[in-house]
Amino acid sequence: MRFFLAFIALLGFMAATLALREHYRTDTSPCSINEHWDCGIVNHSPFAVLAGVPVAVVGMAGYLLMGTLAIRRAYRLLLAAAVIGLTFSLYLAHVEKDILGVWCIYCVASLTVISLLTLLTFGTIIVSRPKRSLTS
């Protein structure tokens with residue numbers, strides 16, 4: 001399971017990398033589909049930077065950490081990191097929906113990845129829990 005979780009983290013890293021590319025893009029975004037889907041608007045908004053660091057870089061670092069924790073089978077730490085990432089990703093989805101009114105394909109992909117990573121890590125912890133004997 002650890003390699004599958006690490007692979008999912010790699011997918012999240014790739015989504016964050018594509019979002020970072022959009023952050024620094026100066027021409028028209030190729031994912032500017034319509035008035036509801038435009039990565040350029042989202043990644044050039046004031047919400048795309050956290051303490052001077054692009055949010056996409058924070059995502060890349062987070063996914064790198066989570067991939068490393070998965071490889072090391074540090075599932076409880078991975079779950080903690082994933083829950084933090086999921087919470088932040090849900091906040092960013094709120095910003096896209098309620099404040100900007102525009103969605104970013106890469107951000108939605110990242111939200112999907114972090115949701116899956118959180119659920120699978122939680123399931124892995126539950127399944128790998130030692131079973132207690134009823135007779136002891």
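The values are calculated or read from the model by the stated rules, or taken from the named source; none is laboratory data. Just so you know, these numbers come straight off a predicted model, no measurement behind them. A quick note on method: Cβ atoms are made from the backbone with ideal geometry, for glycine too, and the neighbour counts reach across all protein chains shown.
Key figures
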read-out: Within the stretch 24-40, considering residues that are surrounded by 14 or more Cβ atoms within 10 Å (Cβ to Cβ) and in contact with a Gly (Cβ under 9 Å, 6 or more places away or on another chain), the one nearest to Phe122 (Cα to Cα); value: Cys31
read-out: In the stretch 104-136, residue farthest from Met14 (Cα to Cα) [restricted to those that are without any contact (Cβ under 8 Å) to a residue 60 or more places away in the chain and of a type in the set (A, V, I, L, M)]; value: Leu134
read-out: Residue in the stretch 91-103 that is within 17 Å of Met14 (Cβ to Cβ) and of a type in the set (Ser, Thr, Tyr) present; value: no
read-out: Helices (runs of 4 or more DSSP H) fully within the stretch 35-136 counting 1 or more residues that are among the hydroxyl-bearing types (Ser, Thr, Tyr) and modelled with pLDDT of 95 or more; value: 55-71, 75-94, 105-128
read-out: Among (1) in contact (Cβ under 8 Å) with a residue 60 or more places away in the chain; (2) under 13 Å from Gly12 (Cα atoms); (3) of a type in the set (A, V, I, L, M, F, W, C), the one test that Ala82 misses; value: (1)
read-out: Candidates Ala9, Ala48, Ala15 - the one that is under 24 Å from Leu116 (Cα atoms), buried (at least 19 other Cβ atoms within 10 Å of the Cβ) and in contact with a strand residue (DSSP E or B) (Cβ under 7 Å, 6 or more places away or on another chain); value: Ala48
read-out: Considering residues of the stretch 1-26 that are without any contact (Cβ under 8 Å) to a residue 40 or more places away in the chain and assigned to a helix (DSSP H, G or I) only, the residue nearest to Glu96 (Cα to Cα); value: His23
read-out: Pair list, Cβ < 8 Å and 6+ apart or interchain, from the stretch 38-61 residues that are in contact (Cβ under 8 Å) with a residue 60 or more places away in the chain to residues that are among the basic types (Lys, Arg) and surrounded by fewer than 21 Cβ atoms within 10 Å (Cβ to Cβ); value: Asn43/Arg25
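Table: residues versus (1) surrounded by fewer than 19 Cβ atoms within 10 Å (Cβ to Cβ); (2) within 16 Å of the chain's Cα centre (by Cα); (3) not β-branched (Val, Ile, Thr).
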site: Arg72; (1), (2), (3): yes, no, yes
site: Gly85; (1), (2), (3): no, yes, yes
site: Ser89; (1), (2), (3): no, yes, yes
site: His94; (1), (2), (3): yes, yes, yes
site: Leu100; (1), (2), (3): yes, no, yes
site: Ser110; (1), (2), (3): no, yes, yes
site: Ile114; (1), (2), (3): no, yes, no
